[in-house]
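Enquirer: Please read through the structure below; I'll follow up with questions.
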Amino acid sequence: MSIEEIQNEIIDEFSMFEDWEERYQYMIDLGKDLPLIDDQYKTDNNIIKGCQSKVWVHAELKDDKIEFTADSDAIITKGIIAILIRVFSNQSPKDIIDANMDFIDEIGLKEHLSPTRANGLVSMIKQLKMYAIAYQTQLK
Amino acid sequence: MFNINEIRKDFPILSRTVNGKPLVYFDNAATSQTPQQVIDVIVDYYSNYNANIHRGVHSLSQEATDKYEQARHTIQKHFNAKHAHEIIFTSGTTHGINLVANGFSSILKAGDDILVSALEHHSNIVPWQMLCERTGANLKVIPMNQEGELVIPEFDALLSKNTKLVFVNHVSNALGTINPIEYIIKQAHLVGAAVLIDGAQSTPHIKPDVQALDVDFYVASAHKMCGPTGQGMLYGKESWLKKLPPYQGGGEMIAEVTFEKTTYAELPHKFEAGTPNICGGIAFGAAIDYMNTIGFDTIASYENELLVYATKQLQNIEGLTIYGTSKQKTSVISFNLDGIHPYDVGTILDKLGIAVRTGHHCAQPIMDFYSIPGTVRASFAFYNTKEEIDALITGIKKAKMMLS
Ligand SMILES: Cc1ncc(COP(=O)(O)O)c(C=O)c1O
């Protein structure tokens, strides 16, 4: 599936929720299901700065696509990363770099998009895209 | 008579909603809310007599200067300082601490000791570390115990003739512990050390008497006392303030300037370079007046009622740990739910319109002591109610259900 298709799928899922509580409960559950990052990658190098909670991200290139794994010590943050990883993982670096992120707004998480918000959604997106840029130069 | 409903009417912000819910504001230890009486003073300043002070011959300037100096007297009276010129207007607690730390650069020598408490805010740690780097003095730490209190025998043991300075907060911002500063000041003076008390968290609840305390420096921030942000005060004993060199150079702080030599102005202007936050100073005075109209004894006893009520209910929530269990506390409760990150709890509470602080509260050493990433901190002011605490308890239970 393309990034856009996955995003539309997520928008569909979120459209079933009536209120913030259902949305958050879903994110919390996504966070619980997030495949954990291998412990060897939970290093200070892989910590994304700008989050009040700790967030670790690891990226690997497989068949010219990037596979992301991640973890956080806060569950809502983890849910947010789970959504990002679902969108970005197993996509080509170019598609990740070009991805439009407006879907965040559409699933009612706009409040997390403020660059000054301590959960660091903006830093997370930036970091994932940085990996994509790094791998893209490597592919060329 | 203390009428909470009347008091709440003074604070326009308390009637707003957040995320569709009535605001429950429990982040008072970070910044307090502003009553209409203080807002009016701010509006009045900019509407009627905004002008630069201490230099104009015109009437507006004179009016602004009078009001600004009147505010200094209000603060002097409130803290019972001997002289008005012992009150230096600052931009806040952090500024006051840096001013003193900078001044001591020229006084301290390598091998001198300065003592700081384990309960400090980063504001009261970093400037002293910088001072130690500049002077070669040693920073020694008065340890804390499990209840979040300072271990006084360890303090006694650290004191020596090498001790030149002691820095302790009157009340810990992360835990709410009220420290025994009377004792600390007395003992420090016995070895000839100067004492700076960080009053950022005490001044919203307690009216300190700097002469009775015999403290050398006492600092506070207006924004935690119903006043504006970017405004604070430093009290310093006249003898110390005369001894310390100026912090910043500029207009206002000089007596005479030639390119060969500048002589500094008298106190307090020596430490007040440049155009200050004139409106902020005046509004700070108004905030102190407002709080005194209610009365600090009334404030403290009502807030203690809130603290006891909330503590009891929180203790009934299974898996909830309170950090900071000293008997001497202001209305601050730091806690965590087992296995749940404070950030998650804060996020859910925010969705319910409840404002709390989460994180390390600029007191990382305390969090390290308890081996936790941070806490959720609910801090109450005299305009909060038991009904709001009930809403918090319901919110925490909901957060617990959603998150575990
Ligand atoms: C104990 C303590 N010291 C210092 C500060 C810093 O105050 P300000 O940011 O107003 O300078 C705070 C504020 O949170 C505090 O709680």
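Enquirer: Looking at the range B:59-177, what helices (runs of 4 or more DSSP H) fall wholly within it and have at least 1 residues that are surrounded by 17 or more Cβ atoms within 10 Å (Cβ to Cβ) and within 12 Å of the ligand (Cβ to nearest atom)?
Expert: In the range B:59-177, the matching helices (runs of 4 or more DSSP H) lie at B:93-104, B:126-135.
Enquirer: Can I ask one more? Can you pull out every residue in the range B:1-40 that is among the aliphatic types (A, V, I, L, M) and either within 16 Å of the ligand (Cβ to nearest atom) or within 14 Å of chain A (Cβ to nearest Cβ) (or both)?
Expert: B:18, B:29, B:30 - these are the residues of the range B:1-40 that are among the aliphatic types (A, V, I, L, M) and either within 16 Å of the ligand (Cβ to nearest atom) or within 14 Å of chain A (Cβ to nearest Cβ) (or both).
Enquirer: If you don't mind, another one. Can you name the condition, by its number, that residue B:188 falls short on among (1) more than 23 Å from the chain's Cα centre (by Cα); (2) surrounded by 15 or more Cβ atoms within 10 Å (Cβ to Cβ)?
Expert: The single condition residue B:188 does not satisfy is (1).
Enquirer: Could you list, in sequence order, the residues of the range B:229-269 that are more than 16 Å from the ligand (Cβ to nearest atom) and within 30 Å of residue B:35 (Cα to Cα)?
Expert: B:236, B:268, B:269
Enquirer: Additional query: Can you report the number of residues in the range A:52-87 which are closer than 26 Å to residue B:360 by Cβ and aliphatic (A, V, I, L, M)?
Expert: Total satisfying the criteria: 10.
Enquirer: Also: Just need a number here: residues in the range B:225-253 that are farther than 30 Å from residue B:379 by Cα, surrounded by fewer than 23 Cβ atoms within 10 Å (Cβ to Cβ) and touching a helix residue (DSSP H, G or I) at 6+ places or on another chain (Cβ under 7 Å).
Expert: Number of matching residues: 8.
Enquirer: Okay, moving on. Identify the residue in the range B:327-340 that is outside any strand (DSSP E or B) and more than 24 Å from the chain's Cα centre (by Cα) and, among all such residues, is farthest from the other protein chains (Cβ to nearest Cβ).
Expert: B:338
Enquirer: Could you check how many residues of the range B:349-358 are in contact with a Leu (Cβ under 8 Å, 6 or more places away or on another chain) and surrounded by 24 or more Cβ atoms within 10 Å (Cβ to Cβ)?
Expert: Adding up the residues that qualify gives 2.
Enquirer: Then there's this: Identify, from the list A:64, A:12, A:38, A:19, the residue that is surrounded by fewer than 19 Cβ atoms within 10 Å (Cβ to Cβ), acidic (Asp, Glu) and within 14 Å of chain B (Cβ to nearest Cβ).
Expert: A:19
Enquirer: For the range A:73-86, give me each residue that is more than 8 Å from every other protein chain (Cβ to nearest Cβ) and either under 20 Å from residue B:339 (Cβ atoms) or of a type in the set (Phe, Trp, Tyr) (or both).
Expert: Matches in the range A:73-86: A:78, A:79, A:80, A:81, A:82.
Enquirer: Quick one: residue B:343 ticks every box in (1) within 27 Å of residue B:206 (Cα to Cα); (2) surrounded by 22 or more Cβ atoms within 10 Å (Cβ to Cβ) except a single one, so which number is it?
Expert: Every condition holds for residue B:343 apart from (1).
Enquirer: Here's a follow-up. For residue B:297, all conditions in the list (1) within 14 Å of chain A (Cβ to nearest Cβ); (2) under 20 Å from the mean Cα position of the chain (by Cα); (3) surrounded by fewer than 17 Cβ atoms within 10 Å (Cβ to Cβ); (4) not small (Gly, Ala, Ser) hold save one; what is the number of the exception?
Expert: (1)
Enquirer: Then there is this: Please tell me if residue B:403 is surrounded by 19 or more Cβ atoms within 10 Å (Cβ to Cβ), within 13 Å of chain A (Cβ to nearest Cβ) and in contact with a strand residue (DSSP E or B) (Cβ under 9 Å, 6 or more places away or on another chain).
Expert: Here the answer is yes, as residue B:403 does meet what is asked.
Enquirer: List every residue pair whose Cβ atoms lie under 7 Å apart, where the two residues are 6 or more positions apart in sequence or sit on different chains, the first residue falls within the range B:222-240 and is in contact (Cβ under 8 Å) with a residue 12 or more places away in the chain and of a type in the set (Phe, Trp, Tyr), and the second residue, located anywhere, is more than 10 Å from the ligand (Cβ to nearest atom) and in a helix (DSSP H, G or I).
Expert: Filtered contacts from the range B:222-240: B:235/B:79; B:235/B:86; B:235/B:210.
Enquirer: Residues to consider are A:37, A:83; find the one that is modelled with pLDDT under 95, assigned to a loop (DSSP other than H, G, I, E, B) and within 30 Å of residue A:140 (Cβ to Cβ).
Expert: None of the others qualify; the one that does is A:37.
Enquirer: Just give me the residues in the range B:5-19 being part of a helix (DSSP H, G or I) and either under 26 Å from residue B:346 (Cβ atoms) or at pLDDT below 95 (or both), in sequence order.
Expert: Matches in the range B:5-19: B:8, B:12, B:13, B:14, B:15.
Enquirer: Taking the range B:195-221 on its own, how many of its residues are away from the ligand (no atom under 11 Å from the Cβ) and free of Cβ contacts under 8 Å to residues at least 60 places away in the same chain?
Expert: 5
Enquirer: Just for strands (runs of 3 or more DSSP E) wholly inside the range B:207-305: which have at least 3 residues that are at pLDDT 90 or above and farther than 26 Å from residue B:62 by Cα?
Expert: B:217-221
Enquirer: Test residue B:63 against the criterion of being farther than 30 Å from residue B:305 by Cβ, out of contact with any helix residue (DSSP H, G or I) (no Cβ under 7 Å at 6 or more places or on another chain) and among the charged types (D, E, K, R), and give yes or no.
Expert: Here the answer is no, as residue B:63 does not meet what is asked.
Enquirer: Here is a follow-up. With the structure loaded, tell me whether residue B:343 is hydroxyl-bearing (Ser, Thr, Tyr), more than 16 Å from the ligand (Cβ to nearest atom) and assigned to a helix (DSSP H, G or I) or whether it fails that test.
Expert: Criteria met by residue B:343.
Enquirer: Among the residues of the range B:56-101, which ones are charged (D, E, K, R), over 16 Å from residue B:231 (Cα atoms) and touching a Gly at 6+ places or on another chain (Cβ under 8 Å)?
Expert: B:86
Enquirer: A further question on this structure: (1) within 13 Å of residue A:82 (Cβ to Cβ); (2) away from chain B (no Cβ under 14 Å); (3) surrounded by fewer than 16 Cβ atoms within 10 Å (Cβ to Cβ): which one isn't true of residue A:32, the others all being true?
Expert: Of everything listed in (1) within 13 Å of residue A:82 (Cβ to Cβ); (2) away from chain B (no Cβ under 14 Å); (3) surrounded by fewer than 16 Cβ atoms within 10 Å (Cβ to Cβ), residue A:32 misses just condition (2).
Enquirer: Here's another thing I want to ask about it. Only one residue in B:372, B:317 is outside the structural domain of residue B:125 (by TED's automatic domain parsing), in contact (Cβ under 8 Å) with a residue 24 or more places away in the chain and in contact with a Phe, Trp or Tyr (Cβ under 8 Å, 6 or more places away or on another chain), so which one is that?
Expert: Of the residues listed, the single one that is outside the structural domain of residue B:125 (by TED's automatic domain parsing), in contact (Cβ under 8 Å) with a residue 24 or more places away in the chain and in contact with a Phe, Trp or Tyr (Cβ under 8 Å, 6 or more places away or on another chain) is B:372.
Enquirer: Any residue at all in the range B:42-49 that is among the β-branched types (Val, Ile, Thr), out of contact with any helix residue (DSSP H, G or I) (no Cβ under 9 Å at 6 or more places or on another chain) and away from the ligand (no atom under 16 Å from the Cβ)?
Expert: Yes: one or more hits.
Enquirer: Has the range B:35-50 got any residue that is touching a residue at least 40 places away in the same chain (Cβ under 8 Å) and assigned to a strand (DSSP E or B)?
Expert: Within the range B:35-50, none of the residues are touching a residue at least 40 places away in the same chain (Cβ under 8 Å) and assigned to a strand (DSSP E or B).
The values are calculated or read from the model by the stated rules, or taken from the named source; none is laboratory data. Since the model is a prediction, treat every value here as computed from it, not as a measurement. Counting neighbours? That spans all protein chains shown, and the Cβs are built from the backbone with ideal geometry, glycine included.
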